[in-house]
Amino acid sequence: MAKPSKFAHVVYSTRRFEEMIDWYQKVFEARVVYQNPVFAFLTYDDEHHRFAFANLSALSPDSVEVKARDKAGVNHVAYTYANLGDLLGTYERLKQMGVSPYWRIHHGMTLSFYYQDPDGNRMEFQVDTCSVEEANAYMQTDAFAANPAGVEIDPEALLAQYRSGVPEQQLLAMPQGPPSPIPDAHGMCPDVGFEHDRNNDPPRED
């Protein structure tokens, strides 16, 4: 059976057409390949486009925008960075632009920052903390079963340690701590074993 050779692009329908284009240009340092009043195509690498945007205000000007987001559907799209330095550098650059992650989490196999675009679409910026083989093995352990979400992390502390010369492999290690609550911004009902945090506060001790 044939399998896809790569993941190519994501297409978003939006009523914040210009705002979305601007946000993705800034966050991903993307460039516009083509744009007209209805469609825009952007890329951040050698692919012809990684994002496309359809302007619903032009395509369906009389339709009504739905304010509430249902929990069903795609929860987030994840992007892997080459190393921890690149991820932390992106975190710092976005923070200076006023864009901050709503969830900062060590999943065990990845260290991840979660963001939302102007339409509320979620994305995960991550770095792998181990090999695929090690990740697969970790996901079969009792430790993962007890805490599949992971542990909340402090990006500022990580950035300071990284700049001070702490080895990257040490910074990528799973920290000790209670299971992280899932923030409301993540759009998931908590499963059994998760402590839900409605105020998006840091993890609470039991």
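Details
- Residue match in the stretch 130-149 (condition: in contact with a Leu (Cβ under 9 Å, 6 or more places away or on another chain), within 22 Å of ALA185 (Cα to Cα) and not assigned by TED's automatic domain parsing to the domain that holds PHE53): no
This table checks each residue for (1) surrounded by 16 or more Cβ atoms within 10 Å (Cβ to Cβ); (2) closer than 11 Å to PHE53 by Cα; (3) outside the structural domain of TYR91 (by TED's automatic domain parsing).
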{"position": "SER5", "(1), (2), (3)": "no, no, yes"}
{"position": "ILE21", "(1), (2), (3)": "yes, yes, yes"}
{"position": "ALA30", "(1), (2), (3)": "yes, no, yes"}
{"position": "VAL38", "(1), (2), (3)": "no, yes, yes"}
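- Out of VAL64, VAL32, one residue alone is modelled with pLDDT of 95 or more and either over 26 Å from MET97 (Cβ atoms) or over 16 Å from the mean Cα position of the chain (by Cα) (or both). It is VAL32.
- Some residue of the stretch 36-51 being aromatic (Phe, Trp, Tyr), closer than 30 Å to GLN169 by Cβ, at pLDDT 95 or above and in contact with a helix residue (DSSP H, G or I) (Cβ under 9 Å, 6 or more places away or on another chain): yes
- Looking only at the stretch 94-128, residues that are crowded, with 16+ Cβ neighbours inside 10 Å and either more than 16 Å from the chain's Cα centre (by Cα) or on the phi > 0 side of the Ramachandran plot (or both) come to 1 in all.
- Residue in the stretch 152-175 that is in contact with a strand residue (DSSP E or B) (Cβ under 8 Å, 6 or more places away or on another chain), modelled with pLDDT of 95 or more and among the acidic types (Asp, Glu) present: yes
- Subset of the stretch 144-159 [surrounded by 12 or more Cβ atoms within 10 Å (Cβ to Cβ) and on the phi < 0 side of the Ramachandran plot]: PHE144, ASN147, PRO148, ALA149, VAL151, GLU152, ILE153, ASP154, PRO155, GLU156, LEU158, LEU159
- Scanning the stretch 86-140 for residues that are under 26 Å from ALA54 (Cα atoms), part of a strand (DSSP E or B) and of a type in the set (Val, Ile, Thr) yields no hits at all.
The values are calculated or read from the model by the stated rules, or taken from the named source; none is laboratory data. Bear in mind the structure is a predicted one, so any value in this text is a computation, not a measurement. Cβ atoms come from the backbone with ideal geometry, glycine included; neighbour counts cover every protein chain shown.
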